[in-house]
Amino acid sequence: MPVCLPDTQDDTPSIPIKLTRVGVTGVKKLLQLERTNKRPIILLPTFDAFVDLPNDQKGVHMSRNPEAISEVLETVAKDSTVDVESLCAEIVECMMTKHEYAKRVEISMTTDFMFMRESPVTKNKTQEMAKLKAKAIGFRDEDGAISIRKSIGAEVIGMTVCPCPQESVRECDKNKLLEFLDEETTQKVLDTVTFASHNQRGVGTLFIDVPENRTVKAEDLIDIIEKSMSSPVCELLKRPDENATVLNAHQNPVFVEDCVRNMMEMIANKYSDFPEDTIITSRQENHESIHRHNAFAEKVTTMGELKEELNIQ
């Protein structure tokens, strides 16, 4: 005979306080995304899934979260038109159905993402890795209508060179050159050589909402993040590539604040036709080489506010 087990999650809690997010983290799945006329993309994403909890319910039905993830992944795995942010939106819809008491549902996904690059001089092909991120948040209003906001992002490692010490080194070398060269020759030397500075490994992150019927390619976000720093980095660099990377980086010194502003300007120009309420997040953290701390900068804004700041019509 089947045993009917009690559903204690539906009990009334002893302390009637509603909770903002309850759910599961670290759900790993294998995901194969088919692509038209291209090799499929194989991903190993990690999902976090949450719902809010009313003050008259003791607990969420926790197993429904990974259950929703599995069901949606099985459904969309062979769909060549699906993107990761839409995948998250579908999981949110499924969770909304399973958690009929929830007013807010959130799913986030992070996975390694491989892309191809060429080294700057020898043009050797090299596999590079970034973090691909996607998120969807669903809201249920008083009438039961559901709205979903989805976004896509990327996290990329690059190289930054600090402008401040570079100027100090330049001024110091200028004074040394003037001891045995005239001012005109000294200026020619200063205009020719590249001056030292301390380097940082930069980690840039960029997130943007994706409106319905619009597409944001992960490769485009990766490109914007890399261009915001002093130089991209490569796994495979021969000696001429190393030389070019170091020289190019030191000819393009940037503060951590510059990286965030560069990302914001590029994304505003590329997606200027997106709705005014599109939320954009740009973040940069530089791992210092001469300090024990890291440098950090971030901006969260809407497309409308950003275009107004940049005077983009």
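The values are calculated or read from the model by the stated rules, or taken from the named source; none is laboratory data. Note that this is a predicted model, so its numbers are computed, not measured. For neighbour counting, all protein chains shown are included, and Cβ atoms are generated from backbone atoms with ideal geometry for every residue, glycine included. Heavy atoms of the whole protein, side chains included, go into the accessibility calculation; ligands, DNA and RNA do not. Shrake-Rupley method; radii C 1.70, N 1.55, O 1.52, S 1.80 Å.
Remark: the stretch 201-218, residue by residue, has Karplus-estimated 3J(HN,Hα) of 7, x, 10, x, 10, 9, 10, 9, 5, 10, x, 4, 6, 10, 10, 10, 7, 4 Hz, where x stands for each Gly or Pro and the curve is 6.51 cos²θ - 1.76 cosθ + 1.60 at θ = phi - 60°. Taking the Cβ of ARG21 as the center, what net charge do the other residues with Cβ under 14 Å away carry, scoring Lys and Arg +1 and Asp and Glu -1? Local charge sum for ARG21: +1. Roll a 1.4 angstrom probe over the protein heavy atoms and tell me the percent of accessible area of the stretch 90-177 that is carbon or sulfur. Carbon-and-sulfur percentage of accessible area, whole number: 51. Annotation for the stretch 33-115: trypsin sites (Lys or Arg not before Pro) lying in DSSP loop with at most 15 further Cβ atoms inside 10 Å of their Cβ are LYS58, LYS78.
Using only the Cα atoms of the stretch 130-189, build the gyration tensor, take square roots of its eigenvalues as a ≥ b ≥ c, and label the shape rounded, prolate or oblate: rounded if a/c is under 1.5, else prolate if a/b is larger than b/c, else oblate. Numbers along the way, then the final one.
Details: a/c = 7.10, a/b = 4.98, b/c = 1.43.
Judged from the Cα gyration tensor, the stretch 130-189 comes out prolate (a/c at least 1.5, a/b above b/c).
Here the Kirkwood formula, the inverse mean of 1/r across different C-alpha pairs, assigns the stretch 263-306 a hydrodynamic radius of 11.8 Å.
Electrostatic tally near ILE312: other residues with Cβ closer than 13 Å to its Cβ, Lys and Arg +1, Asp and Glu -1, net -4. The GNM of the chain, with springs linking C-alpha atoms under 10 angstrom apart, assigns the highest mean-square fluctuation among ASN55, ASN175, ASN213 to ASN213.
Spatial offset of the stretch 11-89 relative to the stretch 105-174 amounts to 22 Å, using the alpha carbon center of each.
Normalised by the number of residues in the stretch 187-313, the average gap of Cα pairs under 8 Å and 6 or more apart makes the relative contact order 32 percent. In terms of distances greater than 23 angstrom between alpha carbons, the cross-link table entries LYS98/LYS150; LYS29/LYS133; LYS150/LYS307; LYS135/LYS217; LYS123/LYS188; LYS125/LYS299 yield LYS123/LYS188; LYS125/LYS299. Local charge for LYS135 was computed over the other residues whose Cβ lies under 11 Å away, with Lys and Arg +1 and Asp and Glu -1, and equals -1. Computed from backbone phi with θ = phi - 60° and the Karplus coefficients 6.51, -1.76 and 1.60, the 3J(HN,Hα) list for the stretch 295-304 is 9, 9, 8, 7, 9, 10, 7, 9, 4, x Hz; x is used for glycine and proline. The chymotrypsin sites (Phe, Trp or Tyr not before Pro) found in the stretch 94-193 that occupy coil by DSSP, while having at most 15 further C-beta atoms within 10 Å, are TYR101, PHE180. Prolate is the label for the chain. Its Cα gyration tensor axes, ordered a ≥ b ≥ c, give a/c of at least 1.5 and a/b above b/c.
Computed with a 1.4 Å probe over protein heavy atoms only, the accessible surface of the stretch 162-313 comes to 58 Å² per residue. Annotation: amide H of THR278 within the under-5 Å range of MET303, GLY304, sequence separation 5 or more or interchain, hydrogens built in the peptide plane. Based on Cα contacts under 8 Å between residues 6+ apart, the chain shows a relative contact order of 13 percent.
Ignoring ligands, DNA and RNA, please state the percent of accessible area on the stretch 195-313 from carbon and sulfur, probe 1.4 Å.
Of all accessible area on the stretch 195-313, carbon and sulfur atoms account for 46 percent.
Our helix-only sum for the chain, with -39,500 (n - 2.57) per DSSP H run of n ≥ 4 divided by its residues, gives a mean residue ellipticity at 222 nm of -10000 deg cm²/dmol. Rounded to whole numbers, the Karplus 3J(HN,Hα) couplings from phi for the stretch 140-154 are 10, 7, 5, 8, x, 6, 10, 10, 10, 10, 10, 8, 10, x, 9 Hz, using 6.51 cos²θ - 1.76 cosθ + 1.60 with θ = phi - 60°, and x at Gly and Pro.
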